[in-house]
Structures are given as structure tokens and as C-alpha cells.
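Novice: Please read through the structure below; I'll follow up with questions.
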Amino acid sequence: MSRSWWSGLLDHFTDISHEGRSFDETWGTRTCAFDLGNYEPTRPSVVTSALDAVDLGPQGASFVDLGSGKGRVALMASQRPYDRVVGVEHRQRLHQVAQENLASFRSRGGCTCEVHLMCADAANQPLPEGPLVLFVFNSFPPNVLVPLLQRVAGCGVDARLVYVNPQHDGVVSALGWRCVAMDDTSEDPGWEWRIYAVPGGRP
């Protein structure tokens, strides 16, 4: 079967929420279409409510979306005055779409800070220096999540983890990361979020 046949089929699997379509219509982006490689965009309202609850930054902090897909979360974060926003996605196909989305978003005046999108393995990608806000939408199994969070904790910087659909919350807590905010009120399973502070971070 041709790649174009598959692409046409995938176009039928999209984020049907009004807010997702509205985001793409406003910014000329393509973030709604699902992907058989397990890409599902985070709802804009979930991103907004979670980032509003982060008690670190945005001034003086870097925002890092690990498993950034087509870039929706990174683009939304770039509307806040972080020092920089970084998106890390290991699948080239999704990364290419994210770069195109960033170009469109910038052309319409959406970014208020530096944005860097990288096609890389989040487990090994160097992180920016200074305070960090990490975003994860249940992207990783424990064997990836554990060394990643241990690496962040070993940097000696203040950090927060925004974890949407926190299926491995017990793993995060066992590493000493402390839950400082949460929203478990969503009527749709999978859209809950929790925010964790790095061990030894600011109370």
C-alpha cells in the first residue's frame, strides 16, 4: 500500500474537539490528526489549566515538552514568557509536521519566546541549564521515565514535572518527586494531570 493511502486514512482519525480544531484554524497548524505511532494531541484546555497551576517560572525557567509530537503543547507554552521552550520528539514524521506548525505559528505572531524543536531521544537529550518545567503526556514507560527524572534531580536545579494522564504516578512519587498540584476532576478518563516538584526543590 502506498504512503499516500495511509496518510489519507489517518486523516480520518482526528481530535474532534472544538478546541483542537479552533487552535489549528487560528494558527494555521496541523495538530489534530492522530497517528498510528501513538500520537494523540493534548487538549488545549488541559494544557492551559495545568500550566496555570505551575508554581515555577515562567520568567527565568525553560519549558521542555518531552514527546512533543506535532508541537501543540510547545507552541502553547511559547505564548508564556519562558526563557525558552524546547520540544523533543524522536519520530521524524511528527517532528517534520511540528516544524511546519512552528513556522505557521510564528508567522501569525504566536511565539513570545525562543522555541527549539529537536528530533531526538528524550532519554538522552541534554536539558537546558537553570530551572525547568517538564511536560509529559504519559509518553514513557518506567524504564525511560525513571532515569530521566533521576537525571533531572541530579542537576541540582529547581524543576517541576507536569504529568498528564499520570499512569506511573507511583513511580514518580517513589523517586521523591512531591505532588504539589493536581486536577482529577475530568469527566473523560486520561485527561487528569498532576504537577510534581523535584526532590529538594522549593517548598
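Novice: Only residues that are surrounded by 19 or more Cβ atoms within 10 Å (Cβ to Cβ) and either of a type in the set (A, V, I, L, M) or under 23 Å from residue 146 (Cα atoms) (or both): list them for the stretch 95-123, please. So that I can check it myself, show each step before the final result.
Specialist: Of the residues in the stretch 95-123, the ones surrounded by 19 or more Cβ atoms within 10 Å (Cβ to Cβ) are 95, 97-98, 101-102, 105, 110, 115, 117, 122.
If the condition is that a residue be surrounded by 19 or more Cβ atoms within 10 Å (Cβ to Cβ) and either of a type in the set (A, V, I, L, M) or under 23 Å from residue 146 (Cα atoms) (or both), then 97, 98, 102, 115, 117, 122 are the ones that fit.
Novice: Would you check which residues across the stretch 186-203 are small (Gly, Ala, Ser) and either surrounded by fewer than 18 Cβ atoms within 10 Å (Cβ to Cβ) or in a loop (DSSP other than H, G, I, E, B) (or both) and list them? Can you show your working first?
Specialist: Keep residues of the stretch 186-203 that are small (Gly, Ala, Ser), which gives 186, 190, 197, 200-201.
Answer for the stretch 186-203, where residues must be small (Gly, Ala, Ser) and either surrounded by fewer than 18 Cβ atoms within 10 Å (Cβ to Cβ) or in a loop (DSSP other than H, G, I, E, B) (or both): 186, 190, 200, 201.
Novice: Looking only at the stretch 77-105, filter to residues that are assigned to a helix (DSSP H, G or I) and in contact with a Phe, Trp or Tyr (Cβ under 7 Å, 6 or more places away or on another chain); which one of those is nearest to residue 43 (Cα to Cα)?
Specialist: The extreme case among them is 77.
Novice: Oh, and also: So in the stretch 172-185, with the set limited to residues that are surrounded by 16 or more Cβ atoms within 10 Å (Cβ to Cβ) and of a type in the set (Val, Ile, Thr), which one is nearest to residue 47 (Cα to Cα)?
Specialist: That would be 180.
Novice: Conditions: (1) crowded, with 19+ Cβ neighbours inside 10 Å; (2) more than 16 Å from residue 72 (Cα to Cα). Residue 87 meets all but one. Number of the miss?
Specialist: Among (1) crowded, with 19+ Cβ neighbours inside 10 Å; (2) more than 16 Å from residue 72 (Cα to Cα), the lone unmet condition for residue 87 is (2).
Novice: Now for a separate question. Among the listed residues 101, 138, which satisfies the condition of being of a type in the set (S, T, N, Q), within 17 Å of residue 74 (Cα to Cα) and at pLDDT below 95? Walk me through how you get there before you give the answer.
Specialist: Numbers: 101 fails: at pLDDT below 95.
Result of the check over 101, 138: 138.
Novice: Ok, one more. Return yes when residue 139 is among the polar types (S, T, N, Q) and within 14 Å of residue 66 (Cα to Cα) and no when it is not. Show your work before the answer.
Specialist: Details: among the polar types (S, T, N, Q): yes; within 14 Å of residue 66 (Cα to Cα): yes.
In short, yes.
Novice: Just name the residue that is farthest from the chain's Cα centre (by Cα) out of those in the stretch 87-107 that are among the small types (Gly, Ala, Ser) and over 18 Å from residue 139 (Cβ atoms). So that I can check it myself, show each step before the final result.
Specialist: We begin by selecting, within the stretch 87-107, every residue among the small types (Gly, Ala, Ser); these are 87, 98, 103-104, 107.
Next cut, over 18 Å from residue 139 (Cβ atoms) only: 103-104, 107.
Working: 103: 18, 104: 19, 107: 22 Å.
Going through the qualifying residues, I end up with 107.
Novice: Looking only at the stretch 27-76, filter to residues that are part of a strand (DSSP E or B) and acidic (Asp, Glu); which one of those is surrounded by the most Cβ atoms within 10 Å (Cβ to Cβ)?
Specialist: Only one residue fits best here, namely 65.
Novice: Considering the stretch 54-110 alone, what residues qualify as being touching a residue at least 24 places away in the same chain (Cβ under 8 Å) and either on the phi > 0 side of the Ramachandran plot or among the acidic types (Asp, Glu) (or both)?
Specialist: Listed by number, the residues that qualify are 55, 57, 60, 65, 67, 69, 71, 83, 89, 100.
The values are calculated or read from the model by the stated rules, or taken from the named source; none is laboratory data. These numbers were taken from a predicted model, which means no experiment stands behind them. Cβ atoms come from the backbone with ideal geometry, glycine included; neighbour counts cover every protein chain shown.
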